[in-house]
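Data first, discussion second: the structure below is written as structure tokens.
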Amino acid sequence: VKDDGHQSIMFFDEALEKEASARRQLESDLRRAVRDNEFELYYQPILNIGSNRVAGFEALLRWRHPERGIVSPDAFIPAAEAIGLIVPLGEWVLHEACRAAAQWPVAVTVAVNLSPVQFESQDIYKVVVGALEKAGLPASRLEVEITESALLEAKEADAALHKLKEIGVAIALDDFGTGYASLAYLRRLPFKKLKIDKSFVRDMRASAESENIVRTVLELARRLDLTTVAEGVETEEHLAALREAGCMQAQGYLTGRPMPGSDVGAFLLNRSLR
Ligand code: C2E
Ligand code: CA
Ligand code: CA
Ligand code: CA
């Protein structure tokens, strides 16, 4: 193949065609899945490091595919965003998470991930208020998580986030440190929480740079009066280092894996009675 340019071009075309066809298949599967309700929310606990109590749960989307089994969101959210399906899907996530949280035996928070596409193509403020009202969930129990993204440069996102903040919904900046506009964002948008990306947490022990970044981010958050959450906390060692550095909350396999909604009540009762 090396010295036959013609043939490698054909292979390249075939590979592209294969990719495009896999993409079309995924998209049509997704449309069917939204119609047939193949989605489910899992919930991962977030712990207050100081008290060792559950502060809340993050809702994480799962697709129960009839043939492929459980599909993780990284495998389908980009496609759902590209074809606009994230809008109805994201609306379902908001309604389902609020409905579930209103039934929990302890009044902790529920965090929902929002896609930038949801800000562009609908009045997300109205959707959130609708979900809260329908579920009878106080706004103070809902958090929304957004990532730094070029799409969020849109002005409509600013207005929606400020209105959500006004009614008591907490806004969290997700995956902090992995984007490119972090500091400008912090100044412009009404964040209450900062979630430190798991890549920094993972490397904290092995790399002095990562540890310094985590410490500096925690100091920045302290000065800006933001609640800090470390993601990807997998070991006692991680937790000890974060506690020592003054991080407020922890989320990761150590504190609990994402679990089906039916397990949350027992988890909460168990943790709260201890
Ligand atoms: P994220 O918001 O950063 O969510 C945290 C991800 O880290 C989750 O992956 C979670 O399962 C995983 N995780 C938790 N603890 C640990 C740990 O200790 N170690 C490691 N290595 N990973 C851990 P998941 O559930 O596969 O979700 C992936 C991403 O998909 C999320 O990243 C989020 O960006 C997106 N996503 C999930 N649900 C939704 C949703 O309802 N709407 C939108 N728009 N995006 C969602
Ligand atoms: Ca998140
Ligand atoms: Ca994250
Ligand atoms: Ca992420």
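The table for this structure:
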read-out: Pairs with Cβ under 6 Å, 6+ apart, first in the range 165-179 and at negative phi, second within 11 Å of ligand 4 (Cβ to nearest atom) and of a type outside the set (D, E, K, R); value: ASP174/THR147
read-out: Among (1) more than 13 Å from ligand 2 (Cβ to nearest atom); (2) more than 21 Å from LEU142 (Cα to Cα); (3) of a type outside the set (A, V, I, L, M), the one test that THR178 misses; value: (1)
read-out: Count of the range 233-262 residues which are assigned to a helix (DSSP H, G or I) and either touching a residue at least 60 places away in the same chain (Cβ under 8 Å) or within 16 Å of the chain's Cα centre (by Cα) (or both); value: 4
read-out: Considering residues of the range 187-209 that are touching a Leu at 6+ places or on another chain (Cβ under 7 Å) and surrounded by fewer than 18 Cβ atoms within 10 Å (Cβ to Cβ) only, the residue modelled with the highest pLDDT; value: LYS192
read-out: Filtered residues of the range 118-161 (kept if at pLDDT 95 or above, basic (Lys, Arg) and over 27 Å from GLU231 (Cα atoms)); value: LYS126, LYS134
read-out: Cross-chain or 6+ apart pairs with Cβ under 7 Å, the range 211-232 first and buried (at least 20 other Cβ atoms within 10 Å of the Cβ), then acidic (Asp, Glu); value: GLU231/ASP197
read-out: Cross-chain or 6+ apart pairs with Cβ under 7 Å, the range 140-152 first and of a type in the set (S, T, N, Q) and open to solvent by 30 Å² or more (accessible area, probe 1.4 Å), then modelled with pLDDT of 90 or more and more than 11 Å from ligand 4 (Cβ to nearest atom); value: SER140/GLY168
read-out: Filter pass, LEU94 being closer than 23 Å to THR227 by Cα, within 16 Å of ligand 2 (Cβ to nearest atom), of a type in the set (A, V, I, L, M, F, W, C) and surrounded by 15 or more Cβ atoms within 10 Å (Cβ to Cβ); value: yes
read-out: Candidates SER72, SER21 - the one that is surrounded by fewer than 19 Cβ atoms within 10 Å (Cβ to Cβ) and within 16 Å of ligand 3 (Cβ to nearest atom); value: SER72
read-out: Residue list for the range 84-138, filter: touching a Gly at 6+ places or on another chain (Cβ under 8 Å), free of Cβ contacts under 8 Å to residues at least 40 places away in the same chain and not hydrophobic (A, V, I, L, M, F, W, C); value: SER115, GLN118, SER121, PRO138
read-out: Residues of the range 32-41 classified as in a helix (DSSP H, G or I) and surrounded by 13 or more Cβ atoms within 10 Å (Cβ to Cβ), total; value: 2
read-out: Which numbered condition GLY168 fails, given (1) more than 16 Å from ligand 3 (Cβ to nearest atom); (2) crowded, with 18+ Cβ neighbours inside 10 Å; value: (2)
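The values are calculated or read from the model by the stated rules, or taken from the named source; none is laboratory data. Keep in mind it's a predicted model, so treat the numbers as computed, not measured. So basically every Cβ, Gly included, is an ideal-geometry build from the backbone, and we count neighbours across all protein chains shown. Areas reflect the complete protein model, heavy atoms only, side chains present, ligands, DNA and RNA absent. Shrake-Rupley method; radii C 1.70, N 1.55, O 1.52, S 1.80 Å.
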